[in-house]
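**Q** Handing you this structure, nothing more for now.
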Amino acid sequence: MLRTAEITAELTGLDDRHQLYWRSRLEFSLDCFVCERTGRTTVFERGAEQALCSGSRSGFKSHRTAARIAGFDTTSGRERLAVRALVDFWWAPFTDTRDGRKAAAPTSHPWVRLHLAYHCPEAKESGTAGLQTNLVRPHRLTCKHCDQPLGVDREAPAVRLLG
């Protein structure tokens with residue numbers, strides 16, 4: 001069955017000199033009915049027809065899976081940068097072939113990693129940053145070139161199953 005998850009996140013306290021923006025790539029944990037493993041890191045790229053499941057360390061290698069980014073919206077303001085991604089994925093019930101856990105949609109412990117990019121005016125270099133659900137909050141992002149603050153991640157990205 002087709003399921004849709006909404007992923008939202010927000011940064012505040014922005015340094016507008018670095019021109020911080022959300023990249024159109026994200027990683028989201030899903031229970032994969034293709035390799036029948038729970039909690040697989042799945043890589044999504046906006047515009048791609050399929051996502052890439054990480055597979056497992058033993059046996060089933062990474063593979064394409066029936067999932068995609070269906071919507072990707074960003075909002076920016078003077079002190080705030082927000083993202084909302086809609087992720088469509090096919091899900092079917094199964095039992096994990098390794099540990100016997102029952103699959104859930106989304107997985108029983110949803111995890112997401114979002115990616116950002118910026119341009120450092122001091123170093124005249126590009127940089128990347130990221131945030132994910134399992135970081136200690138508040139999490140301060142800093143420029144890798146000049147160590148200036150980029151923004152603050154006060155809350156973990158939210159994951160909500162829509163349908």
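The values are calculated or read from the model by the stated rules, or taken from the named source; none is laboratory data. Computed from a predicted structure; not experimentally measured. Cβ atoms come from the backbone with ideal geometry, glycine included; neighbour counts cover every protein chain shown. Each accessible area value is taken on the protein alone, full model and side chains, heavy atoms only, with ligands, DNA and RNA left out. Shrake-Rupley method; radii C 1.70, N 1.55, O 1.52, S 1.80 Å.
**Q** Compare the Cα positions of H63, T41, T12 along the charge dipole of the range 7-74 (+1 at Cβ of Lys, Arg; -1 at Cβ of Asp, Glu; about the Cα centre) and return the one farthest towards the positive end.
**A** So the residue furthest toward the plus end is H63.
**Q** Restricting attention to the alpha-carbon atoms of the range 75-163, what are Rg (one decimal) and Dmax (integer), both in Å?
**A** Cα only, the range 75-163: 17.5, 53 Å (Rg, Dmax).
**Q** Rounded to the nearest 10 Å², what accessible area does E36 show when all protein chains are kept and the probe is 1.4 Å?
**A** 80
**Q** Where the accessible area of the chain is counted over protein heavy atoms with a 1.4 Å probe, how much of it, in %, is carbon and sulfur?
**A** 46
**Q** Before I look further, what does the chain give for accessible area per residue, probe 1.4 Å, in whole square angstrom?
**A** Roughly 55 Å² per residue, with all protein chains present.
**Q** While we're on this one: Rounded to the nearest 0.05, what FRET efficiency is calculated for S62 and M1 with R0 set to 30 Å and r the Cβ-Cβ distance?
**A** Efficiency for this residue pair is about 0.80.
**Q** About its Cα centre, how strong a charge dipole does the chain have in debye, to the nearest 20, once Lys and Arg get +1 and Asp and Glu get -1 at the Cβ?
**A** The calculated dipole for the chain is roughly 360 debye.
**Q** Also, I was wondering about something else. With all protein chains present and a 1.4 Å probe, how do V159, V136 order by accessible area, largest first?
**A** V136, V159
**Q** Now for a different question. Pick out which of G151, G77, G39 has the largest mean-square fluctuation in a Gaussian network model of the chain, springs linking Cα atoms closer than 10 Å.
**A** In the Gaussian network model the winner is G77.
**Q** Follow-up question, since we're still on this one. What is the calculated FRET efficiency for A158 to T12, with r their C-beta to C-beta distance and R₀ = 25 Å, to the nearest 0.05?
**A** The value I calculate is 0.95.
**Q** Can you list, bin by bin at 5 Å, the percent of alpha carbon pairs in the chain, starting at 0?
**A** The percentages, shortest bin first, are 2, 9, 18, 19, 17, 13, 10, 7, 4, 1, 0.
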